[in-house]
Amino acid sequence: MNFRDPEDRVVPFDDWRAIQEKMLDKTIADSFPASDPPSSLPDPAEDSFLELSQLIKGEDVSMTMITTNIGLSETQRQGCSHILCVFLSDLFILSTKSRNYHWNVVGPRFNDLHGFFQKHYALLDQMMDDVAERIRALGSRAPGTVAEFLETAKLKEQPQTELGVDGMIADLLLAHEDVIRRLRIDARRCSDVFGDDGTADFVNSSLRGHEHMAWMLRSLLQNTERRVSQSAARSRSRPADQPMIRRIVFNRPA
């Protein structure tokens, strides 16, 4: 089937080449229109445009849904929304991990890390809210169920795994670094593939937030590594610096 407007051509979200070709065709069509104006501009013939105009005039209009008309095609908006839905699901996994460690951390560092993990998931919860609202601003539905999060997330949980304090910190750090690497790619996809600089800027801002959180986690582990290395050094030097203590066992006479 031949489509007059490239925007009407349906392509898979995960097929980058097909999306790029469609966006290129769309750019050419909008730059050199035959007779119609670029489809990214409001079309007075569209129902949503007419309904909004009637509302401004104070007329009573029955509407079920207002079309999102922000200078991006449906393909562009859905593509960026899909990226953000994956990000939102990963944030849910990260927040759940942080809550788990907030509840179950034990040991001499309990007081500090109990509060640290609480602040950690509070920041992640705020990020989740921001991402979900960005998805809605693009005209898409934000996932909001545990089943949706688990199906969409790239991160994986560690169910029924008992971790020590350093293991908890390392698990969160690895998860943040995984998210950071994918966000770098996603920011470029939003800008270069889908032409949405606004969402690209939003993703880059989120990336910086995750980099800050990863730095804090990494710093906690670096202190641990220093203590471990010093302890190991003392253990290695002990035989040469200190006399060897022998254990003598006396046999009790029968």
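The values are calculated or read from the model by the stated rules, or taken from the named source; none is laboratory data. What you see is a predicted model, and the numbers here were worked out from it, not measured in a lab. Reconstructed Cβ throughout: ideal geometry from the backbone, glycine too, with neighbour counts over all protein chains shown.
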Could you tell me whether F92 is in a helix (DSSP H, G or I), of a type in the set (F, W, Y) and modelled with pLDDT of 95 or more? yes
Determine whether the stretch 103-122 contains at least one residue that is over 19 Å from M216 (Cα atoms), of a type in the set (V, I, T) and under 15 Å from the mean Cα position of the chain (by Cα). no
Restricting the search to the stretch 141-182, which residues are over 22 Å from V131 (Cβ atoms), acidic (D, E) and either free of Cβ contacts under 8 Å to residues at least 40 places away in the same chain or touching an Asp or Glu at 6+ places or on another chain (Cβ under 8 Å) (or both)? E162
Give the residue that is farthest from G167 (Cα to Cα), with candidates limited to residues of the stretch 90-110 that are surrounded by 21 or more Cβ atoms within 10 Å (Cβ to Cβ) and touching a Phe, Trp or Tyr at 6+ places or on another chain (Cβ under 6 Å). F92
If you take the residues of the stretch 111-120 that are surrounded by fewer than 18 Cβ atoms within 10 Å (Cβ to Cβ) and in contact with a helix residue (DSSP H, G or I) (Cβ under 7 Å, 6 or more places away or on another chain), which of them is nearest to F87 (Cα to Cα)? Q118
Do we have D90 as in the same structural domain as V203 (by TED's automatic domain parsing) and in contact (Cβ under 8 Å) with a residue 12 or more places away in the chain here? yes
Does the stretch 138-183 hold any residues that are surrounded by 17 or more Cβ atoms within 10 Å (Cβ to Cβ), more than 18 Å from the chain's Cα centre (by Cα) and in a loop (DSSP other than H, G, I, E, B), and which are they? G139
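Considering each of T152, T145 in turn, give the residue that is out of contact with any Ser or Thr (no Cβ under 6 Å at 6 or more places or on another chain), hydroxyl-bearing (S, T, Y) and either over 20 Å from G198 (Cβ atoms) or not assigned by TED's automatic domain parsing to the domain that holds H210 (or both).
T145
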Residue within the stretch 184-196 that is under 30 Å from R109 (Cα atoms), out of contact with any strand residue (DSSP E or B) (no Cβ under 9 Å at 6 or more places or on another chain) and not in a loop (DSSP other than H, G, I, E, B) present: no
Would you please list the contacts, defined by Cβ atoms under 7 Å and residues six or more apart or on different chains, that run from a residue in the stretch 119-139 that is farther than 21 Å from G71 by Cα to a residue that is among the aromatic types (F, W, Y) and surrounded by 15 or more Cβ atoms within 10 Å (Cβ to Cβ)? M128/F92
